[in-house]
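> I have a structure here, written as structure tokens, and I will follow up with some questions on it.
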Amino acid sequence: MSRTVAVVERILSANDQMALENRSELDAAGVLAVNLMASPGAGKTSLIMATVEALRDEFRIAGVDGDLATSIDADRIAALGVPAVQINTGGACHLDAVMLRGALPQLPLAELDLLLVENVGNLICPSGFRLGVHRNVLVASVPEGDDKPYKYPGMYQGVDSMLLNKMDVLDAFDFDIDYFRRGVEILNPGLAFFPLSCKTGEGLEAWLSWLRDEASAFRAAGGAGYEIR
Ligand code: MG
Ligand code: ZN
């Protein structure tokens, strides 16, 4: 009869090591970093732009945009007059900590309060790669359909809040908000949920309040003491 001794050991992957370095650098600079994940076309760039417009007098904001190709998104954000860095992943369908590591030196971190990171549009693997940011946010949108939490459960489990964008077109789609939320609730009970429209501005204030609260908590904790959920 054999005996098995299970040793639970946490081994940090190379990506996780790099994520810790990103986190340390952001903490030291006092920059709260938020990773926005979504499927393509959900409105991540529009959300960043609306957030910059609304909060630019309260926070010094910058953006990092991940896409397979082009600098279209970073150009849109830079056009608002805030620092923006484009990461072209060269085919990879997610951002990883090494990519963010390469982008940070291109930003004036000492002069920033808030960094909004737009991940590559994809509901599958971005949740599997830690970046070293402080908060992860999922941007869902009405045209995608209400069944996404059931089909892509992994994406909903590790996030700290969730937006449902494009509420202005709700009447044109068979989107059952209760069905959608029941699916999310099973995966991530009590998740903060903000239905909104970046186009009309409806519902945006609740998201901005959440962000303000996180920024206050981050400042109060002095960066490094800020709890990662
Ligand atoms: Mg975009
Ligand atoms: Zn990927």
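Coordinate-derived values only; no laboratory data. Everything quoted here is computed from the prediction, not taken from an experiment. Note that each Cβ is placed from the backbone with ideal geometry, even for glycine, and that neighbours are counted across all protein chains shown.
> Residues in the range 141-169 that are without any contact (Cβ under 8 Å) to a residue 40 or more places away in the chain and under 17 Å from I124 (Cα atoms): how many?
Result for the range 141-169: 13.
> Moving on. Quick check on E25: is it closer than 22 Å to A221 by Cα, assigned to a loop (DSSP other than H, G, I, E, B) and either more than 16 Å from the chain's Cα centre (by Cα) or more than 16 Å from ligand 2 (Cβ to nearest atom) (or both)? Walk me through it before giving the result.
Numbers: closer than 22 Å to A221 by Cα: yes; assigned to a loop (DSSP other than H, G, I, E, B): no; either more than 16 Å from the chain's Cα centre (by Cα) or more than 16 Å from ligand 2 (Cβ to nearest atom) (or both): yes.
For E25, the condition - closer than 22 Å to A221 by Cα, assigned to a loop (DSSP other than H, G, I, E, B) and either more than 16 Å from the chain's Cα centre (by Cα) or more than 16 Å from ligand 2 (Cβ to nearest atom) (or both) - is not met.
> Additional query: For the range 159-176, which positions are part of a loop (DSSP other than H, G, I, E, B), of a type outside the set (A, V, I, L, M, F, W, C) and farther than 14 Å from A38 by Cα?
Step one: filter the range 159-176 for residues part of a loop (DSSP other than H, G, I, E, B), giving 159-160, 166, 173-176.
Applying the additional criterion that residues be of a type outside the set (A, V, I, L, M, F, W, C) yields 160, 166, 174, 176.
Result: D174, D176.
> Can you name the number of the only condition in (1) over 30 Å from D178 (Cβ atoms); (2) more than 16 Å from ligand 1 (Cβ to nearest atom) that C125 fails?
(1) is the only condition that C125 fails.
> Of the residues in the range 181-229, how many are of a type outside the set (D, E) and part of a loop (DSSP other than H, G, I, E, B)? Write out each step before concluding.
As a first pass, look at the range 181-229 and keep what is of a type outside the set (D, E): 181-184, 186-201, 203-204, 206-212, 215-226, 228-229.
Narrowing the set further to residues that are part of a loop (DSSP other than H, G, I, E, B) leaves 188-191, 196-201, 203, 221-226, 228-229.
So the answer is 19.
> Being within 23 Å of Y152 (Cβ to Cβ) and either surrounded by 14 or more Cβ atoms within 10 Å (Cβ to Cβ) or among the acidic types (D, E) (or both) is the filter here, so list the residues in the range 204-228 that pass it.
Step one: of the range 204-228, the residues within 23 Å of Y152 (Cβ to Cβ) are 207, 210, 228.
Selection gives W207, W210.
> Conditions first: (1) within 19 Å of Q17 (Cβ to Cβ); (2) within 12 Å of ligand 1 (Cβ to nearest atom). M99 passes all but one, so which condition is the exception?
Result: M99 passes all but (2).
> If I ask for residues that are free of Cβ contacts under 8 Å to residues at least 60 places away in the same chain, among the aliphatic types (A, V, I, L, M) and either more than 16 Å from ligand 1 (Cβ to nearest atom) or within 21 Å of W207 (Cα to Cα) (or both), which ones from the range 55-91 would you list?
Of the range 55-91, the ones free of Cβ contacts under 8 Å to residues at least 60 places away in the same chain are 56-57, 60-91.
Remaining after also requiring among the aliphatic types (A, V, I, L, M): 61-62, 64, 68-69, 72, 74, 77-80, 82, 84-85, 87.
Within the range 55-91, I61, A62, V64, I77, L80, V82 meet the criteria.
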